[in-house]
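Participant: Before I ask anything, here is the structure I am working with.
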Amino acid sequence: MKPAPFDYVRAASVAEAVSALAGDPGAKVLAGGQSLVPLLSMRLAAPSLLVDINEVPGLADVTVEETGVRVGALARHAAVLDSDDVRRVQPLVSLALAHVAHATIRNRGTTVGSLVHADAAAEMPVVLRLLGGSVEVEGSAGRRTIAADDLYLGPLESSLAHDEVAVSALFPALAPGAGVAFDEIARRHGDYAMAGAAALVDGDAVRVGYLSVSDVPTVVDLTGVPDDELGEAALARLEPMDDIHATATYRAQLVRVLTARVVAAARSHAAAHDQQEAR
Amino acid sequence: MTEQLHEIRLTVNGAAHELRVPARRLLSDALRHDLGLTGTHVGCEHGVCGACTVLLDGAPTRACLVLAVTAADHEITTVEGLTEPDGSLGPVQQAFAECHGLQCGFCTPGFLTTIHAGLRDNPSPTHEEAREMVAGNLCRCTGYQNIVKAVERAAALRQAQGPAGQAQGPAGQGQVERS
Ligand SMILES: Cc1cc2nc3c(=O)[nH]c(=O)nc-3n(C[C@H](O)[C@H](O)[C@H](O)COP(=O)(O)OP(=O)(O)OC[C@H]3O[C@@H](n4cnc5c(N)ncnc54)[C@H](O)[C@@H]3O)c2cc1C
Ligand code: FES
Ligand code: FES
């Protein structure tokens, strides 16, 4: 099927994009289009106006800041994955990005677009939540920072106001001595995962984030849980869902397996990271 | 209500084209219907199969997931642009013919564009890298073995051609070669 008709503006600045959004309640931002265009073609979305931000200058930067790495709204997944700065400052971002779709989709899709698209099956929203990151947005009322914990309201629903454009995201740096790991299980290489998990281990603190398990990206604190009880402890705090890709029972089993794997991997990463720091 | 048309300039395989399209025109349809470049195939029209893959500023991109209006003023390379200037087959095309990398040929344009850019960025892939290079494209006929062989054969052909044969894209789209 083809998209329904819509109007189109190519914004030259964030301010221009914001005022176009503010002027039309049916307007939507177009970034990489790798989620939006399929929705248009399947007529699951029918915006009255698309505000194309692809030509806005200065939005594609990936920069290291004191507290972490900042990814601009037009940085494509591929550029973020290629960045040595990102890999050094927060390796979890690179580990997770390698699981986002295939290279061709990553060439066009943006990491910030994926964050605000708020798909519970996507890798990057749960990574942002686990790390305690944030998204910087600009709207008619000015700029504000939305913490990842306040970003995800429901399935495909973020807390951005209608006239707000996300300009960048901040992924906090890996603390000295901390470790991270990512794993997921998908039917086919490059597909959305049936379930996935990201772990952050820092001293005694153990936290694990899950994608594709609940209808929003969910983080569970597993500090103090004995290793052989990690999976059950996580499940006590999660409600795996049934859908066409997997049953809830199967997802629960994936949670058990993935939780044990990522926590162990994050611990050994922390140990290796610690040694590196000591040198 | 008549739909608003946008005047855009698309640069395809080095040639500039002016066209008038509605905002909802997919790049895949603009290439096929408006420009008559039917080498770009459309399978799923939602990003999964890879048949529509073209190079957008040198990077493999799903033409079915890009609006023509967004692609305006950018460089596009389609499968038609992969032949040598004298009209003979480029190394990836040649390798597909030699290795029987196609049967019905529906998926082939997307593989050719993807591998063309893949070998530009990584001229001598390992077997595993050759498989990964085509992992985002679907083929219902061949079972992929001969396609992977064709990637490796194309790498050899490019190397035999020497540096001159390893030029960027036919449109010379200023893509930086990775060392
Ligand atoms: C075949 C296929 C497989 C995929 N597999 C995966 C996968 O395994 N994992 C995964 O995570 N993703 C996957 N994706 C989706 C991909 O990662 C998208 O790139 C990403 O979800 C959205 O980024 P985008 O730039 O393409 O956003 P768009 O599609 O342009 O936009 C998505 C939504 O976010 C809004 N938006 C985008 N940017 C902004 C902004 N700066 N400010 C405000 N609103 C904005 C848009 O209005 C729209 O509602 C896949 C896509 C395809 C086609
Ligand atoms: S037609 Fe574009 S990916 Fe299938
Ligand atoms: S040759 Fe028929 S789909 Fe690939």
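Participant: What number comes out for the charge environment of A:Val116, summing +1 per Lys or Arg and -1 per Asp or Glu over other residues with Cβ under 14 Å away?
Facilitator: The answer is -4.
Participant: Report the residue, chosen from A:Asp242, A:Asp61, A:Asp215, that carries the largest GNM mean-square fluctuation when chain A is represented by alpha-carbon nodes joined by springs under 10 Å.
Facilitator: A:Asp242
Participant: Can I ask one more? Rg and Dmax of the protein assembly as shown, Cα atoms, in Å?
Facilitator: My reading of the Cα-based Rg and Dmax gives 22.7, 70 Å.
Participant: What spacing in nm lies between the two simple spin-label points modelled at A:Ala15 and A:Asp221, each 7 Å away from Cα in the Cβ direction?
Facilitator: 4.4 nm
Participant: Then there is this: Quantify how strongly other chains surround peptide A:99-110 by giving the mean number of their Cβ atoms within 10 Å of each of its Cβ atoms.
Facilitator: Counting Cβ atoms of other protein chains within 10 Å of each residue's Cβ and averaging gives 6.
Participant: Given A:Ala60, A:Leu97, B:Pro60, which one lies farthest toward the positive end of the charge dipole of the protein assembly as shown, if we put +1 on the Cβ of every Lys and Arg and -1 on the Cβ of every Asp and Glu?
Facilitator: B:Pro60
Participant: Please work out the FRET efficiency for the pair B:Glu98 and A:Ser214, using the Cβ-Cβ distance as r and a Förster radius of 51 Å; give the result to the nearest 0.05.
Facilitator: 0.50
Participant: Quickly estimate the mean residue ellipticity at 222 nm for chain B, helices only: each DSSP H run with n ≥ 4 gives -39500 (n - 2.57), and the total goes over all residues, rounded to 500.
Facilitator: Rounded to the nearest 500, the figure is -8500 deg cm²/dmol.
Participant: State to the nearest 20 debye the size of the charge dipole of the protein assembly as shown about its Cα centre, where the only charges are +1 on K and R beta carbons and -1 on D and E beta carbons.
Facilitator: Here the size comes out at about 1000 debye.
Participant: In deg cm²/dmol and to the nearest 500, what is the mean residue ellipticity at 222 nm of chain A if only DSSP H runs of at least 4 residues count, each as -39500 (n - 2.57), divided by the residue total?
Facilitator: Taken over chain A, the calculation gives -9500 deg cm²/dmol.
Any read-out appearing in this document is the output of simple, stated calculations on the displayed coordinates, not a laboratory observation. Small disclaimer: the values here were computed from a predicted structure and weren't measured. Cβ coordinates were reconstructed from backbone atoms using ideal geometry, including for glycine residues, and neighbour counts include every protein chain displayed.
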